[in-house]
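Working notes, structure below.
Nothing in this text is a laboratory measurement; each read-out follows from the coordinates by a stated rule. Note that the structure is a prediction, hence the values are computed from the model and not measured. Note that we place each Cβ from the backbone using ideal geometry, even for glycine, and neighbour counts take in every protein chain shown.
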Amino acid sequence: MTRKELSAKEFIARRIALELKDGDVVNLGIGLPTLVANYLPKNVHLILQSENGFLGIGPVPKETPPIGAPRLVNAGGAPCGIIPGGSTFDTSISFALMRGGHLDACVLGGLQVDENADLANWMVPGKNVPGMGGAMDLAVGAKNVIVAMEHTNRGEQKILKKCNLPLTAKGRVSTIVTELALFRFHDGKLVLEEHASGVTVEEIRAGTEAAFIVSDKLKEMEISQVGL
Amino acid sequence: MKSKRLEIEQVASFLRDGMTIMYGGFMGNGTSPRIMQAILDSGVKDLTVIGDDAAFSDATKGPEGIGLLIRNKRVKKLITGHIGLNKEAQRQMITGEMEIELCPIGSIAERLRAKGSGLGGVLTPTGVGTSVAEEKQAVSIDGKQFDTKQTLNINGKDYLLELPLSADLAVLEAHKADKMGNLVYYRSMRNHNPLMALAADTVIVEAHEVVEIGDIDPDHVMTPGILVDYIVYPW
C-alpha cells in the first residue's frame, strides 16, 4: 500500500500511529488526530485522555443513553466508552494533566506551523471563531506536540516562516506530520527527517515556505499497516 | 438543621437582572436543564454567564444547556472557552448582540478554583504570546494600573496572570446528593461543577437522586455539602 492509494488524512494518521509507544498517555484532538487510534499496532495500548474529565477513552458501547440522560461523553459531546482502569475527575485535574506535563503526547490539527515551532490552529479571523477550547492548554503542556495536517491547503502553504493566523501557542511544536513529510524541531531548528515514498526533497521544499535542514539520516516514511 | 430542599419554582427568587451566573457542564453534559428552564421562565435578563462552552444549537447532536438562555437573548456577556457548536452564539457574537470573552478552558477552571480557594489569581503558561494575552482585564499590580492581562516572567519563564472569576450564583447538576448537600457526579458530568461550587456566592444544585445523610461514603463525596446551599430534588 503506497501513499497514493490512501487519502492524505489516513496516510498521516497511519504515520503518527507509529510515533506513539505502548503505555503512553495521549490526547488526540478532534478530526484527523482521532483517526490515529484506528491504526495503532496490536502491541501498542495507549491511555487516551478526554479533556472533559477522564482518562481511558474506550470504544463506544453498542447502546448509549439518549440526550438528556446521565451519560459519558467525549470532548466533542458525543457518547463514548471508558476502559476498565479508567478514571474520572474535574476540569482542573484534567487540565493539570495537560499543563503539568503529565501527557506523553498530544496530536493536534494545524492551520499553520512556522519555523519557530509556533502553532496556529484555533481560528480564522472573519471566518470561524469557535474558541480555543482546550487547544492552548494542550499545546503548552504535552511533552510531545505532534501536529497532523495536510501539507498545503488548496495550494496555500501551511508550514511558514511566520504564522499569520492567531497563535495557539509559541514555540511548542515538536513534530509535524503531513502526507509528504515528517519534520521535527531539534534545538529550535526545523529538520526534515522523512519523506513520503516517491516525494523528493525539492518537491517538499517547493511546498514549504519555512526554512528547514535536511537530516543526514533522511529516510522514507513508514506507516502502520493495520487493516491493510 | 435547616432543609436545603428547593422547589424548582423557588429558583426565581434568587434571580435578578444583570447578575452573574456560573453554569456547570461540558457541551451541556452536566448542565441542569430544569434550572436553565427555570431561569428562562423567570424572565430575568442581561445576565453575565460563565461556563465551559455554549453547548449545542442542534438538538439532535446534544443538549442545549446554556444555549436555551442565549437563544432567548437573556445573556449579555458570556465568558467561555468554546462556542463552535452553537451557531446562535456565534451569530450573536458577530452582530455584537452578546459580548463574548474567550478564555482557554484550563484557565477558566483555574480562575474558578482561584476564587474558590482565596487566591489572588493564577500564573499560567497557557495563552502567552497569543491574543489571550491582549484581552482586556483591569488589574492593579503593586499600585500600578493595567488594562490588559499581564505577562510576568518568573524564574525565566513567561506566564499570564489570570484573575479569579466570581459569581452571584452557580447552578450545578449532580448525580447524587445527600440531604446535607454532599455531591457525587456521574462520569464526565463532573467537569467544572465542583469548582463552581467553591467559587460562587450561592450554589443551587439539581440532583438526579437525593439520599439520606450517611448514605454516601465520605470517601466518595466529590463536593463537600457545606458548599451547597440548595438542592432541587428530582421530579
*In whole Hz, with x marking every Gly and Pro, tabulate ³J(HN,Hα) for segment B:39-49 from phi via Karplus 6.51 cos²θ - 1.76 cosθ + 1.60, θ = phi - 60°.*
5, 4, 4, 5, x, 5, 9, 6, 7, 9, 10
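Could you tell me the calculated FRET efficiency between B:S3 and A:Q225, based on Cβ-Cβ distance and R0 = 45 angstrom, to the nearest 0.05? Don't skip to the answer; put the middle values down first.
Working: r = 64 Å, r/R0 = 1.42.
Computed FRET efficiency for B:S3 and A:Q225 comes out at 0.10.
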*Would you mind working out the magnitude of the charge dipole of segment A:61-170 relative to its Cα centre, with +1 at each Lys and Arg C-beta and -1 at each Asp and Glu C-beta, to the nearest 20 Debye?*
140
*Please name whichever of B:S3, B:A89, A:Q157 sits farthest to the positive end of the charge dipole of the protein assembly as shown, dipole taken about the Cα centre and charges placed at Cβ: Lys and Arg +1, Asp and Glu -1.*
A:Q157
*Relative to the longest principal axis of the C-alpha atoms of chain A, give the angle of the C-alpha long axis of helix A:8-17, reported between 0 and 90° and rounded to the nearest 10°.*
70
_Positive-end extreme of charge dipole, the protein assembly as shown - chosen from B:L172, A:F54, B:G65 (charges on Cβ)_ = B:G65
*asked:* For B:R74, A:R172, which order do you get if you count the other beta carbons within 10 Å of each Cβ and list the fewest first?
replied: B:R74, A:R172
*What are the lysines whose alpha-carbon lies under 21 Å from the alpha-carbon of B:K61, with same-chain residues fewer than 8 places away excluded?*
A:K62, B:K87
*When the Karplus curve 6.51 cos²θ - 1.76 cosθ + 1.60 is applied with θ = phi - 60°, which whole-Hz ³J(HN,Hα) does each residue of segment A:214-225 get, with x for Gly and Pro?*
8, 4, 6, 9, 3, 9, 7, 5, 9, 10, 4, 9
*Where both partners of a DSSP beta bridge lie in chain B, what percent of those bridges are antiparallel, to the nearest 5?*
35
_Only sites in a loop by DSSP and with at most 10 other Cβ atoms within 10 Å count here; which trypsin sites (Lys or Arg not before Pro) in segment B:94-188 make the cut?_
none
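Using a ≥ b ≥ c from the Cα gyration tensor of the protein assembly as shown (square roots of the eigenvalues), is it rounded, prolate or oblate, where a/c under 1.5 gives rounded and otherwise the larger of a/b and b/c decides, a/b for prolate? It would help to have the intermediate numbers written out before the result.
Values: a/c = 2.07, a/b = 1.63, b/c = 1.27.
Cα axes put the protein assembly as shown in the prolate bin.
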*May I ask for log10 I(q)/I(0) of segment A:39-87 at q = 0.15, 0.19, 0.22, 0.24 Å⁻¹, from a Debye sum over the Cα atoms as equal point scatterers with solvent left out?*
-0.42, -0.64, -0.82, -0.94
*Computed over the Cα atoms of chain A, what is the convex hull's projected area averaged over all directions, in nm²?*
13.5
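Using the alpha carbons of segment B:83-178, what is the convex hull volume per residue in cubic angstrom, as a whole number? Show your work: numbers first, answer last.
Details: hull volume 16.4 nm³, N = 96.
Spread over its residues, the Cα hull of segment B:83-178 gives 170 Å³ apiece.
Based on alpha-carbon positions alone, could you give the equivalent ellipsoid semi-axes of segment B:122-162 from the gyration tensor, as √(5λ), descending, whole Å? List each step's numbers first, then the result.
Numbers: eigenvalues 52, 35, 9 Å².
So the three semi-axes of segment B:122-162 are 16, 13, 7 Å.
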*asked:* Modelling each spin label as a point 7 Å along the Cα-to-Cβ direction, I'd like the B:D215/A:V214 distance in nm, to one decimal.
replied: 7.2
*When the Cα centres of segment A:171-228 and segment B:171-235 are compared, how far apart do they sit, in Å?*
50
*asked:* Checking the cross-link filter: which lysines have an alpha carbon closer than 23 Å to that of A:K219, excluding same-chain neighbours under 8 positions apart?
replied: A:K4, A:K9, A:K21, A:K158, A:K189
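Compute the Rg/Rh shape ratio of segment A:47-128: radius of gyration over Kirkwood radius, all on alpha-carbon atoms. Walk me through the numbers before you get to the answer.
Working: Rg = 15.7 Å, Rh = 14.9 Å.
Looking at segment A:47-128, the ratio lands at 1.05.
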*List the residues whose amide H sits under 5 Å from the amide H of A:A181, counting only those 5 or more places along or on another chain, with H placed 1.01 Å from N in the peptide plane.*
A:A196
*Computed FRET efficiency, Cβ-Cβ of B:I154 and A:N128, R0 30 Å: what is it to the nearest 0.05?*
0.30
